[in-house]
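Inspection log for the structure reproduced underneath, given as structure tokens.
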Amino acid sequence: VDEPEEEMRATSGGAYVSGGPSGAQDPGTSEEYYNYMQGLWGDGSPRYEFGDGFYRSEFTDRTTRFHYAGDPVTESFYSEVNTDGNGAVSPQGQRSVFISTGPFRLAPGESTTLLFAFPFGQGMTNLHSVAVMRRNAETLKALQASGFFVGSRVEGTQAEPTFELALSRARPNPSRQPEALLTLPESTPVRATVYDAVGRHLAVLLTGEVAEGETVLQMPGGLTPGTYLLRIEVPGAEETLTFTVLR
């Protein structure tokens, strides 16, 4: 929904027409893209506010930067449901639409943030859907005005782990079924998980309270030859080691 008080408004919008005349199809060059962004056809010719927008009409020679810039809800000219001012409906077909804003300039080293949304809506009919989408767009604008979409910085620093654990390399490694030695300074909850080389979860070796001292962790049997990861998680710390399974 374009409003006068917006800092940057939509400056053009239209559609590429599948099977349309030359210059009105999907853009294939940077020049064609730029022409579309200016509200022209791909070949640089103007969009006329009549019919399919390709040709000047005997009734009007007005041009537009927005294809079907009328209101389809009220069926006002010039829209998909009234292309000629007399209620002629645009034929069905593929629509690849676009919308542009600008131009604007940035000085060297300057930056800006562009916030945009793609509202959608579904009603009982096609025209009702347009009305629903418009209401949804107005809701998004109200949320934006309230600061809902403004990001906020998270203050503070992440606490350093205070728990120390020791995880020995799997032994023997490589092996058909390696083992690892976990050493804890005190009793604590532990979760031991095995992953494959691309990070897929395979098995949980251990979950629950583990006593102080050394604990032997045996890798699961039946693993195919390859490299795997063993991840140990305790409150405040974690460790990961790799091991290799032989044939």
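Below, the figures for the structure above:
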{"quantity": "Amide H partners (placed H, <5 Å) of THR11, local residues excluded", "calculated": "SER100, THR101, GLY102"}
{"quantity": "HN-Hα J in Hz across the range 197-203 - Karplus 6.51, -1.76, 1.60, θ = phi - 60°, x for Gly and Pro", "calculated": "5, 9, x, 6, 5, 10, 7"}
{"quantity": "Potential lengthening between ALA145 and THR224 on full extension [0.36 nm per residue; Cα-Cα distance subtracted]", "calculated": "22.8 nm"}
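Every read-out reported here was derived from the displayed coordinates using simple, explicitly stated rules and does not represent laboratory data. Computed from a predicted structure; not experimentally measured.
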